[in-house]
Structures are given as C-alpha cells and as structure tokens.
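Structure record follows, encoded as structure tokens.
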Amino acid sequence: MTDNTRHRHLTASPDDAEWQEALPPDWSEDLRDGERLVGPANPWIPTRIALIDRYLRESLNDLAQANGPDTRRSPRRLVVLTEMSQDEADRWLEQHGRADGPESATLVISTPEGSGSVARRLRRLCGRAPREWRHGVFMEISGLGVLIRGAAGIGKSEVALELITRGHRLVADDAPCFHARGNEVTGSCPDRLFGLLEVRGIGILDIRELFGANALKARKYLRLIVDLYPADSGKPMGADQRLFGDRGAERIAGREIPVWRLPVAPGRNLAVLLEAIVRQRNLERQRGSRPASDRVASLLSGGDDDTDSPEKSR
C-alpha cells in the first residue's frame, strides 16, 4: 500500500458515529452530472463512494480500477471494502492498494458489513431516498425481473447473451440501480451504459444494434436474484436444497427479494436452467405456495395417489 492510500477499519456497529467521524467533510456535496453517490466500483460510472465486495475483489488488480479513469477530481473518491476483517483488508491493500501520483490519494474504509447495509447507512446519513447499485446482469426473463450475480468470469454475460438470443430482454449489465417504489423494487440502467453488454473475449456489444430495440427493457421490477457459483466450490447441499432448490432471501432497497443459488459446471446449459427457475418461480407466485406442482407436493408428502399411473390406467 502506498503512502497516499489511507486506510481505516470500522466495525459493524449500528451506531453511525464511527462513520460520521471517518467520512471526509465534503463526501455528501452535490453530485456532478452523471455521478452517483454510492455503488459498486465501476471505472465507467463516476461514483462518490465506491463499494468493493468479495466478488469485485476477485477481478480488481489495484485501486486505480476502482477510482475509474478520472483521478483529478474533487472531492476525492472514497473506497469501501465490504465483508472484510481488518487483517484481510490490510493484506489485500498490501497487494492491491497501488495508486499513482499526488492526485490519486485515496481514502479506504474496510468493514465486515455487506455492501447493501453500507449503502443504506450512507444514504441515510446523506438524507437520500433508498437506492442501491448492485453488481450483476439485470434481465427480464419470461416477464420476470431477474438479477444474475456471481464472481468475475463465472459466465453472467455469456448466459445473458444466450438469453437475449432466446427472446428475453436486457435491462442493465454490470451496474443496475434499484430503488423502492411502493412495495416493489424497480431496477434500471445508467443512461451511458443502457443497451451495452460486455462479454469476455468479444468486448462491449451494442445489443440494440445487434438484436433490435425489442431486446432491451428500460426498467423492470426486481422479483428474483440468481447467484451463480462454481459447482466444485465445496458448498454442501442438504436434502431441502436438492428437493426445493438452494434458496434464500436478501434485502435490496429495503425490500426482501428471494434468492436462488445455482451451481455452475461444464456442460450445464445455464440459459435453460435459468428459464426453468423463472418458470418455477412464476408458478409459485401464481399459486402462493411451494412446491408449484400438485404431483410434486403429493410425492414429497408421501401420498399414494396413483390414479394417473400407467398401471392403473390400463
């Protein structure tokens, strides 16, 4: 870590006093055109406070990437390393905390809090409406707003591209923005990135030029999060996960959103699997219960209703 990178570790205390003391005096000044207050580090979107979670840390080589192309800015950008202990932050900054020149002085805060919790705290301190930026690809799949997440290189953009070719629509790649509207959470894309999809090995694709305007959606309600993870990660899968899927929930913009975790392995058709998950979720929402199929419910409950069996129909 260079001398012009300052680091402070904050606890996950609900008290805001530590944060108020650590934040620079000018951190909440009026934002410039196109600048967002807080969100995931992205070199293409000016961000006053850049959040780097465990997924982004795998793809960042140094803090200059978090700061973006414009380092001659005032006030200075603040970088927050989330889901990190102090020792982990010290080690990461020792390897990746490079910054060049006096203009690139960077204040780094590390915290064990998650990015969502940090973003909500900072917006509360600034008196702004709940609005959260998440790393991932936001799509409309079979009419459902789905955020596809995962570590760098897991295949998010590739599966998004295949879904587009299958008739589904792109809302935002890499930096979707979510905010609460009544009881719903709406997701959209920054204007400068709308319609663009970055695919490894190909580059940045203009989806409107390639597939037409019908391949894009300006905004969509967020109804489901799908987390992609390597099948060989050692994550155990219990009986409930095998029968019902590996599920959970997460709060975004103050609303609880269901999460479905999907293991990725060579040979698995992720587009087909995502379509199946969305169809399953749509059926569950219509029925208001789980599982969505009466036959599956009967099987899991140990029922012996075999009226539709081939033997009985003879």
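The values are calculated or read from the model by the stated rules, or taken from the named source; none is laboratory data. In this text the structure is predicted, and so the values were computed from the model without any measurement. Quick reminder, even Gly has a Cβ in these numbers, built from the backbone with ideal geometry, and neighbours come from all protein chains shown. The protein model used for the area step is the full one, side chains on, heavy atoms only, and it has no ligands, DNA or RNA in it. Shrake-Rupley method; radii C 1.70, N 1.55, O 1.52, S 1.80 Å.
Can Arg131 be described as surrounded by fewer than 24 Cβ atoms within 10 Å (Cβ to Cβ), touching a residue at least 40 places away in the same chain (Cβ under 8 Å) and touching an Asp or Glu at 6+ places or on another chain (Cβ under 9 Å)? Even if it seems obvious, please write down each step before you answer.
Numbers: surrounded by fewer than 24 Cβ atoms within 10 Å (Cβ to Cβ): yes; touching a residue at least 40 places away in the same chain (Cβ under 8 Å): yes; touching an Asp or Glu at 6+ places or on another chain (Cβ under 9 Å): no.
The answer is no for Arg131.
Here is a yes/no grid of residues against (1) at positive phi; (2) at pLDDT below 85; (3) small (Gly, Ala, Ser):
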site: Thr2; (1), (2), (3): no, yes, no
site: Ser13; (1), (2), (3): no, yes, yes
site: Trp19; (1), (2), (3): no, no, no
site: Glu29; (1), (2), (3): no, yes, no
site: Gly34; (1), (2), (3): yes, yes, yes
site: Asn42; (1), (2), (3): no, yes, no
site: Pro46; (1), (2), (3): no, yes, no
site: Glu58; (1), (2), (3): no, yes, no
site: Leu63; (1), (2), (3): no, yes, no
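I'm trying to understand the selection: among the residues of region 250-284, which are of a type in the set (A, V, I, L, M, F, W, C), more than 18 Å from Gly150 (Cβ to Cβ) and outside any loop (DSSP other than H, G, I, E, B)? Spell out the reasoning first.
Quick first cut of region 250-284, residues of a type in the set (A, V, I, L, M, F, W, C) only: 252-253, 257, 259-260, 262, 264-265, 270-274, 276-278, 283.
With the extra rule that they be more than 18 Å from Gly150 (Cβ to Cβ), the set shrinks to 253, 283.
Result: Leu283, single match.
Give me the residue from region 164-180 that is in contact (Cβ under 8 Å) with a residue 24 or more places away in the chain and over 18 Å from Asn42 (Cβ atoms) and, out of that set, most open to solvent (accessible area, probe 1.4 Å).
Applying the first criterion (in contact (Cβ under 8 Å) with a residue 24 or more places away in the chain) to region 164-180 yields 164-166, 168-180.
Next, from what is left, pick out any that are over 18 Å from Asn42 (Cβ atoms): 164-166, 168-169, 180.
Values: Ile164: 10, Thr165: 86, Arg166: 107, His168: 20, Arg169: 61, Ala180: 34 Å².
If we take residues in region 164-180 being in contact (Cβ under 8 Å) with a residue 24 or more places away in the chain and over 18 Å from Asn42 (Cβ atoms), then Arg166 is most open to solvent (accessible area, probe 1.4 Å).
If the Cβ limit is 8 Å and pairs must be 6+ apart or interchain, which residue in region 26-37 that is more than 17 Å from Leu193 (Cα to Cα) and in a loop (DSSP other than H, G, I, E, B) pairs with which residue that is at pLDDT 70 or above and aliphatic (A, V, I, L, M)?
From region 26-37, the pairs are Trp27/Ile49; Trp27/Leu78; Ser28/Leu37; Ser28/Leu125; Leu31/Leu37.
Counting only residues that are of a type in the set (Gly, Ala, Ser) and part of a loop (DSSP other than H, G, I, E, B), which one in region 167-184 is nearest to Ala152 (Cα to Cα)?
Residues of region 167-184 of a type in the set (Gly, Ala, Ser): 167, 172, 175, 180, 182.
Then drop every residue that is not part of a loop (DSSP other than H, G, I, E, B), which leaves 167, 175, 182.
Working: Gly167: 25, Ala175: 14, Gly182: 33 Å.
Once the filter is applied, the top-ranked residue is Ala175.
For region 136-163, give me the residue count where each residue is open to solvent by 10 Å² or more (accessible area, probe 1.4 Å) and out of contact with any Asp or Glu (no Cβ under 7 Å at 6 or more places or on another chain).
First, the residues of region 136-163 that are open to solvent by 10 Å² or more (accessible area, probe 1.4 Å): 140, 142-143, 149, 151-158, 161-162.
Add one more test, that the residue is out of contact with any Asp or Glu (no Cβ under 7 Å at 6 or more places or on another chain), and what stays is 140, 143, 153-156, 158, 161-162.
Qualifying residue count for the region: 9.
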